[in-house]
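Structure first, commentary second.
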Amino acid sequence: MGEVLSQSEIDNLLAALSSGELDADDMGDSSDKQVKNYDFKRPTKFSKEHLRTLEIIYEHYGRLLSTSLPIYLRKNVQISVASSETVIFSEFTNALSNPVILGIVNFQPLGGTILIELAAQLGYAMIDRMLGGAGEPLEKNRDFTEIEMTIIEKMMVVCMQLMREPWRNVVDTNPVMERIETNSQFAQVIAPNDMIAIVTLNMKIGDVEGFMNVCLPFFTLESIMDKLNTKYWYATLQEQKEEDLEEYIEALIRRVDVPVKAVLGSAKVSVNDFVNLQVGDIIRLGTDIKDDLEVYVGNIKKFTALPGSSKDKYAVRVTSVIREGE
């Protein structure tokens, strides 16, 4: 950036020009012009504005992963956006190690694919946790077995499906997992010189930490590039009515599964009686056969009911609703 002149310096310069002490042609010396080289192999297709919008999308995505993955892994998961950058696809693939967990996702309805790369140590930790272990990675990387790949594929599909909601303000996507590759040489779905945007997420599962990279090719996002700017983003958010948001949240809550249990009764027995129980022994409960049962939704007592049967199955008939505070 050039030097900024004060008002007095501007006045002196105009006075020198009008008096002839300074020639205007001398001020336009082209030798001082700065020339910036342009690399035609790496044209700038993603602006800083585009990368910032992608970071906002995947910050939302990281929050969804942080709340959804613990359901499967039963372990604390922390995810944050580490960085975003643009490179050519060959640079991305050359930096991959083997084995690698690389999910190839058909990003419908957009005409192209995206890639989700998960660090190998995170994959080993997920497998160990899903199989009942402590969630620790291997000391030395090795190829994944068929059983391990089935588990990894399940977790990658979960991660892929969670990507719909963060992209909803830009495009209503329906991603489909085409396949998962463990060798980067078999994942050449993009031309080596094509530009891609990479959003890097820092993922921590318990004490195991690693990166998840989301590779977004330009030709996949080309049709929606105009929507990848913060002005469009915030304008879209402001257009959403509060009533629509409430209906959407209510629709999500209605699909949540919650356990419902009817408690027949309870009893206290000594440890000696408990260890000596035999088939045919009777335990007397603390409720009468005519008493209403307590029905719990999750851990909250919500209804009272009478026991019965329906089509050869045990059932209960709700007799009253317990309101909050009762």
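Given a Förster radius of 41 Å and the C-beta distance between V157 and S266 as r, what FRET efficiency does 1/(1 + (r/R0)^6) yield to the nearest 0.05?
Values: r = 41 Å, r/R0 = 1.01.
Computed FRET efficiency for V157 and S266 comes out at 0.50.
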Practice task
Please arrange R168, R142 by counting, for each residue, the other beta carbons lying within 10 Å of its beta carbon, fewest first.
Solution key: R142, R168
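List, in the order given, every pair from K154/K261; K261/K302; K75/K140; K268/K301; K261/K301 whose Cα-Cα distance in the structure shown is over 18 Å.
Distance filter (> 18 Å) returns K154/K261; K75/K140; K268/K301.
Under a Cβ-Cβ cut-off of 14 Å, what is the net charge of the residues other than F186 that fall near it, where Lys and Arg count +1 and Asp and Glu count -1?
Working: positive: R179; negative: E117, D143, E178, E181.
So the surrounding residues net to -3.
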Problem - G135 long-range amide H proximity, modeled H, under 5 Å - result: R129
Exercise for the section: Compute the distance in nm between two label points, each set 7 Å from the Cα along the Cα-to-Cβ direction, one at K227 and one at K140. Expected result: 4.9 nm
Fill in the blank from the handout: Taking a crude spin-label model, label points 7 Å out from Cα along the C-beta direction, the S19 to E91 distance in nm is 5.4 nm
Completion exercise
The summed charge of the G308 Cβ neighbourhood (under 15 Å; Lys/Arg +1, Asp/Glu -1) stands at +1
Handout entry: In nm, spacing of pseudo-spin labels at L252 and Q78 (7 Å Cα→C-beta vector)
Key = 2.3 nm
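Could you tell me the relative contact order of the range 252-326? Use alpha-carbon pairs under 8 Å, at least six residues apart, and round to a whole percent.
Values: 90 pairs, mean separation 19.3, N = 75.
Computed value for the range 252-326: 26 percent relative contact order.
If each residue's Cβ is checked for other Cβ atoms within 10 Å, how do F92, F186 rank with the fewest at the top?
Working: F92 20, F186 11.
Final ranking by Cβ density, sparse to dense: F186, F92.
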Problem - Amide H partners (placed H, <5 Å) of A82, local residues excluded - result: T200, L201, N202
Exercise for the section: Would you mind ranking I79, I224 so that the residue whose beta carbon has the fewest other beta carbons within 10 Å leads the list? Expected result: I224, I79
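Since every read-out is calculated from the coordinates, none of them should be taken as a lab result. Every value quoted in this text rests on a predicted model; they were computed, and no experiment measured them. Neighbour counts run over all protein chains shown; Cβ positions are idealised from the backbone, glycine included.
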